[in-house]
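Data block below; observations after.
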Protein chains: 2
Amino acid sequence: MSKLESFIRRMMAQRDCLNFAAQRIEAMPGPVLELGLGNGRTYDHLRQIMPDRDIYVFDRNGRPFASFAPPDNRIFRGEVLETLIQAYDVLGKTAVLTHYDIGTTNTEKSSKLAERVSPLLNRLMYPGSLVVSSVAMPFSHWSVVPLPASVKPGRYFIYRVDGLR
Amino acid sequence: MSKLESFIRRMMAQRDCLNFAAQRIEAMPGPVLELGLGNGRTYDHLRQIMPDRDIYVFDRNGRPFASFAPPDNRIFRGEVLETLIQAYDVLGKTAVLTHYDIGTTNTEKSSKLAERVSPLLNRLMYPGSLVVSSVAMPFSHWSVVPLPASVKPGRYFIYRVDGLR
């Protein structure tokens, strides 16, 4: 399969997982987190499928097209391992959906970053909330959520935050 | 439609147009040109669907992942309005398929560049060859080719180089 073909399938998986997760958390109040802004395409999708949610964006240096940049007071700029800690002071444990899409072409590095992010992200997530991720995040307090039928296993990931009941 | 959704549709249109065009020129000998390397995903697709073709890449500063970079002797680096002229000395009028995907978020600028590229590109294209493009290229010596059924008109473009018979 060409890189173009697998890229298309990954983007479709991302879209389908986010649409699915947004429906699942519809009844829960709380903000949405977008980790990794990139060019802002997915941020634009999030705000279109969840127009009434506050969406907080975490990004090191994303420069989205001006027409779909987040408002300045919704961006945590800097290294995600630091900004996730700062975000707890602002948001507490209130987030109901996170989209995690920070990765490099280096799979091992991406996995290691995801492993370090998981516990910091977990602090921000309300029990029962969902994490949709482009990389596997095998964190002990999260359960694997079955993917929508359109998404091939391993192409995208959805986790439910078990939390403490 | 969100930016993510329209991006997915554009990538699918690109793939479908390239697959269609590659079949159409199958019997014609000659190289393929990729104008705009970007991250190399589409280059990888081109070489997978046309493994026996020489593919020449034109790019100002594309940095594809190493595993699917073109060989050094198949890249024309620099401003496309200059490298297309240089390429004529190397290739003559032999190319049978061009994929043009140089654009900015500024539609007007993209159209103007395409307009300046068209006559320079035309010199390199064998009569009956095809130009697949992400932007409209209304050049007087090219005919509009009907798109594959999967592609919405205006989302991608295919032209046939009429040439002089």
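No value in this document is a laboratory result; all are computed from the given coordinates. Just so it is clear, the structure is predicted and the values come from calculations on it, not from any experiment. Don't worry about glycine lacking a Cβ; one is built from the backbone with ideal geometry, like all the others, and counts go over all protein chains shown.
Go ahead and estimate [θ] at 222 nm for chain A from helices alone: -39,500 (n - 2.57) per DSSP H run with n ≥ 4, summed, over the residue count, rounded to 500. The partial results should precede the final answer.
On the way: 4 runs with 61 residues, N = 165.
One gets -12000 deg cm²/dmol as the mean residue ellipticity at 222 nm.
Would you kindly calculate the translational diffusion coefficient of chain A, applying Stokes-Einstein with the Kirkwood radius from alpha carbon pairs, for 4 °C and a viscosity of 1.567 mPa s, and quote it in µm² s⁻¹ without decimals?
Values: Rh = 15.9 Å.
Estimated via Stokes-Einstein, D reaches 81 µm²/s.
Work out, in µm²/s and without decimals, the Stokes-Einstein translational diffusion coefficient of the stretch B:59-136 at 20 °C, 1.002 mPa s, Rh from Kirkwood over C-alpha pairs. Before the final figure, lay out each step's value.
On the way: Rh = 13.6 Å.
Calculated translational D: 158 µm²/s.
Give the dimensionless ratio obtained when the Cα radius of gyration of the stretch A:109-155 is divided by 2.2 N^0.38 Å. All intermediate terms of the calculation are to be shown ahead of the outcome.
On the way: Rg = 11.3 Å, N = 47, 2.2 N^0.38 = 9.5 Å.
Rg over 2.2 N^0.38 Å, computed on Cα atoms: 1.19.
Give me the inter-chain shielding for A:5-17: mean count of other chain Cβ atoms within 10 Å, whole number please. Before the final figure, lay out each step's value.
On the way: counts 9, 3, 8, 10, 1, 1, 6, 5, 0, 2, 5, 0, 0.
The per-residue average across the peptide is 4.
D for the stretch B:5-99, whole µm²/s, Stokes-Einstein with Kirkwood Rh over alpha-carbon pairs at 10 °C and 1.306 mPa s: what number?
Answer, rounded: 115 µm²/s.
Quick one: what does P(r) look like for the protein assembly as shown with 20 Å bins over all Cα pairs, in whole %?
29, 48, 22, 1
Distances from B:GLU115 to the same position in the other copies: list them in nm, one decimal, shortest first, using label points 7 Å from Cα along Cα→Cβ.
5.6
With an 8 Å cut-off on Cα pairs and a minimum separation of 6 or more residues, tell me the relative contact order of chain A in percent. Each step should come with its number before you reach the end.
Working: 280 pairs, mean separation 39.0, N = 165.
Dividing the mean separation by the residue count of chain A yields 24 percent.
Too long at a 28 Å Cα-Cα cut-off: which of A:LYS3/B:LYS152; B:LYS93/B:LYS152; B:LYS3/B:LYS152?
On the way: A:LYS3/B:LYS152 23 Å; B:LYS93/B:LYS152 31 Å; B:LYS3/B:LYS152 16 Å.
Violating the 28 Å limit, Cα to Cα: B:LYS93/B:LYS152.
Rounded to the nearest Å, what's the spacing between the alpha carbon centres of the stretch A:117-165 and the stretch A:5-30? Just the number, please.
Going from one Cα centre to the other spans 12 Å.
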